[in-house]
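To keep things clear, I will list the structure first and then write my remarks on it.
Since every read-out is calculated from the coordinates, none of them should be taken as a lab result. Just so it is clear, the structure is predicted and the values come from calculations on it, not from any experiment. Neighbour counts run over all protein chains shown; Cβ positions are idealised from the backbone, glycine included.
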Amino acid sequence: MDVLGTRAELRSSAAALRSAGANIGLVATMGSLHAGHLSLVEAANRNGDSVVVSIFVNPLQFASGTDLEAYPRDLGSDLSTCEAAGAAAVFTPTAEEMYPEGEPGVVVVPASLGKHYEGASRPGHLEGVATVVTKLLNLVGTCRSYFGEKDYQQLMVVRRLVADLDVDAAIVACPTVREPDGLALSSRNALLGAKQRAAATALYRALEAGRGAIEAGEREAWAVESEMSHVLDIESRLVPIYAGVADPARLMPIDEIAGPVRLLVAAEVGPVRLIDNLGVDAAPDLDR
Ligand code: AMP
């Protein structure tokens, strides 16, 4: 497994893999790898790709220096994990390598897809993600790139940036990997104390309450949102940020539920910001 520190090394390593006949599968991560990340590597392995994992805690997508500093890092163990998973290469640049001029003069800004949810509650976050993903895809060149549904809005932004900006990559969506109690795996879970860890399950419980309401016939989005908010509100260790019912492609809030929707929640548990989401398909109810 090659460990690459510079953009030039990534470009030439990707070109060499391709000229040897490989299809590249890029898995972009911020490290502290867990089974959720590994599921993306495994999906790429199943497709027969030569896997390139990037590990970069991207300062551009963090609002506060404190959050950036607190983000868990464990490069030694990540490299062994990637090696064991059969990755061909790992790209681990420094911030100076990725942004040699410091603050970039041009960034990729999601339009309507970045208006709500993460876009509204974390100003600059989706721009930071879209910018670093564009850079990584440009460096790697023709590839498949694997993203988790765990970060659903990010996934949709990446899909659209590839389509709208004619980037030569096929985006593959992978399902969210969860703990047995429903908590979505996240590198940030390592920062939770035992009581906070228990409280964090409220995110998935809220999504299940929303799904239950829709499956029981509720078609007003506000009513489903208040079911989800209630589950978050009664958990005293958690500060809700949003609980929404969105059009799954446009990531816009909807009023009436008449087909597939995406339920999205975010909350703070102590110092840790957690997000989760769930797709629900409400078949149109012709009797109503
Ligand atoms: P991150 O390191 O958090 O930036 O995540 C890197 C990639 O792994 C993104 O495409 C995430 O959506 C994906 N990912 C993170 N957690 C999970 C999970 N629990 N299940 C599936 N994919 C995940």
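Suppose each label sits 7 Å from its Cα in the direction of the beta carbon; what would the Glu103-Asp247 distance come out to in nanometres?
In this crude label model, Glu103 to Asp247 measures out at 3.4 nm.
Taking every eigenvalue of the Cα gyration tensor of the chain, multiplying by 5 and rooting it, what semi-axes result, largest first, whole Å?
Largest first, the chain gives 33, 21, 18 Å.
If I model a spin label at Val3 and Ala163 as a point 7 Å from the Cα along the Cα→Cβ vector, what separation in nanometres do I get?
Each label point lies 7 Å from its Cα, and together they span 4.0 nm.
Compare the peptides 92-98, 257-263, 214-220 by average per-residue count of other Cβ atoms within 10 angstrom and give them in order, highest first.
257-263, 92-98, 214-220
Counting only Cα atoms, I'd like the Rg/Rh figure for region 1-133, Kirkwood definition for Rh.
Here the Rg-to-Rh quotient is 0.98.
With charges set only on the Cβ (+1 for Lys and Arg, -1 for Asp and Glu), what does the dipole of the chain come to about its Cα centre, in debye to the nearest 20?
400
Full-extension gain between Glu69 and Ala35, please, as 0.36 nm times their residue separation minus the C-alpha to C-alpha distance.
9.9 nm
Under a point-charge model restricted to the Cβ atoms of Lys and Arg (+1) and Asp and Glu (-1), what is the dipole moment magnitude of region 1-137 relative to its Cα centre, in debye to the nearest 20?
420
Sort 269-281, 227-239 for me by packing, meaning the mean count of neighbouring Cβ atoms within 10 Å per residue, highest on top.
Top of the packing list down: 269-281, 227-239.
Compute the label zone of Ala111 within region 162-201: residues whose backbone N is under 14 Å from the point 7 Å along Cα-to-Cβ.
Backbone N within reach: 162-166.
Nearest 10 degrees, 0 to 90: what angle lies between the long axis of helix 7-19 and the longest principal axis of the chain (Cα atoms)?
So the inclination is approximately 90 degrees.
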